[in-house]
1. I'd like the FRET efficiency for THR127 and ALA388, computed as 1/(1 + (r/R0)^6) with the beta carbon distance as r and R0 of 51 Å, rounded to 0.05.
2. What's the ranking of 99-110, 357-368, 5-16 by average number of surrounding C-beta atoms within 10 Å, highest first?
3. Order of 389-396, 263-270 by packing, highest average Cβ count within 10 Å first?
4. Which residue, ALA391, GLN270, GLN295, has the largest displacement toward the positive end of the dipole of segment 259-405 when charges sit on each Cβ (Lys, Arg +1; Asp, Glu -1)?
5. So for the pair ARG23, ASP72, with labels modelled 7 Å out along Cα→Cβ, what separation do we get in nm?
6. Taking Rh as the Kirkwood radius computed over C-alpha pairs, what is the Stokes-Einstein D of segment 144-282 at 25 °C in a medium of viscosity 0.890 mPa s, expressed in µm² per second?
7. Per residue, how much accessible surface does segment 174-309 expose to a 1.4 Å probe? Answer in Å², no decimals.
8. I'd like the FRET efficiency for ASP299 and LEU213, computed as 1/(1 + (r/R0)^6) with the beta carbon distance as r and R0 of 25 Å, rounded to 0.05.
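The values are calculated or read from the model by the stated rules, or taken from the named source; none is laboratory data. What you are looking at is a predicted structure, and each value in this text was computed from that prediction instead of being measured. As a convention, Cβ positions derive from the backbone with ideal geometry for all residues, glycine included, and neighbour counts pool all protein chains shown. Side chains are part of the model used for accessible areas, which takes the heavy atoms of the whole protein and leaves out ligands, DNA and RNA. Shrake-Rupley method; radii C 1.70, N 1.55, O 1.52, S 1.80 Å.
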Amino acid sequence: MPIQFDVDPAVAQLAEATAEFVREVVVPAERECGGSVHDAPEAVRERLQKAARDAGVFAPHVPTRWGGHGLDLRGQAVVFEAAGYSLLGPLALNCAAPDEGNMHLLEKVATEEQKQTYLRPLAAGRTRSCFAMTEPAPGAGADPRLLRTTATRVPGGWRIDGRKWFITGAQGAGFTIVMARSSGSPGDPGGATMFLVDADTPGMRLVRTIETLDESLFAGHSEIVFDGCVVGEEQVLGAVDRGFEGAQIRLGPARLTHCMRWLGAARRAQDIALERAGSRRAFGSVLGDLGMVQQMLADSEIDIEASRALILRTAWELDTGSAAASSLSSVSKIFVAEAVNRVVDRAVQICGALGISAADAPLARLFREVRPFRIYDGPSETHRFAIARRAVRPYRQPRTGAADG
């Protein structure tokens, strides 16, 4: 089957409208709050999302049944990049993490009743959500098999006990998707189950908000304790003991949509660097005529174009259900995360003092925001391990029982 990267005219029009909306509405709002929405009131989110609805760009990824534009991943790649040009663009369009990934998971896994209860208001922006997987050491992190939070059967449902941290958007979320071990022991490859836990459920308690390098993800990152938190059988999301498999339905596309949004931030950093290189005079010429600056600008253009091509290729593989999608998702996550960091770093270097100024340009803020991307959704080292393991598998020789001489 030929790979097709053609952009549908309707998608191109939506991307253009998104870019205009971000420039005229979202970037000014970002300047007002300095790009920090860890502690922002809900009114900020609601105002931006109302403006996105009025502009006709709200919820590009959401199926039309739930009021969105129903774009596939190739369409999302174009629109999400346009949204990511501002740190608050994805929030305004309701396609920011973790809600965007949770919407996809609910659409694919939830029962019809669960969709009506949780997906419908989430897609409309009437509530927020979070995904509680990561735990403090020695619990689940880059290795999800270390999951220690437990789910124990009780009359009529399940009791959840454990501690989660770095849970994005937990503060003020209407519900949490919790990953807990329903069988087996930490280190086992299976035995996890996902649960839908409403915010007012007794036994679930937010204990702190964690100060982090990044500040642009709404409501920040929190630590949550589950202590005798009882939920009904109807709160199981997907199949019991199949939670890791269900989570992969979310994580593969979610890695890629992270890449799409952060590529928009890289494009913005490059635009700032290009403007500076074309106007700032030093050593008898504009910076853009100096060889070392030209190399940095060219390398950033290469990183952006290569990232975009890789995102589109992976989106096509995911859209068509290709067996190569999982591996390419990891390849994209590593390459784009590192390329975005390189682009922003070069932009800071080209702009000099302006690049590290918090008041006069957004580059210092972008620099802080993109660094954690190399850790979120799996650090680069974990993905490299998975890629190498898949690559060598067809060449692995069967064990003979004798030591190699």
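1. With R0 = 51 Å, the Cβ-Cβ based efficiency is 0.80.
2. Listed from highest to lowest mean packing, they are 99-110, 357-368, 5-16.
3. Descending packing order for the listed peptides: 263-270, 389-396.
4. Sorting the options by dipole projection puts first ALA391.
5. 3.0
6. It diffuses with D of about 142 µm²/s by this estimate.
7. 41
8. 0.55
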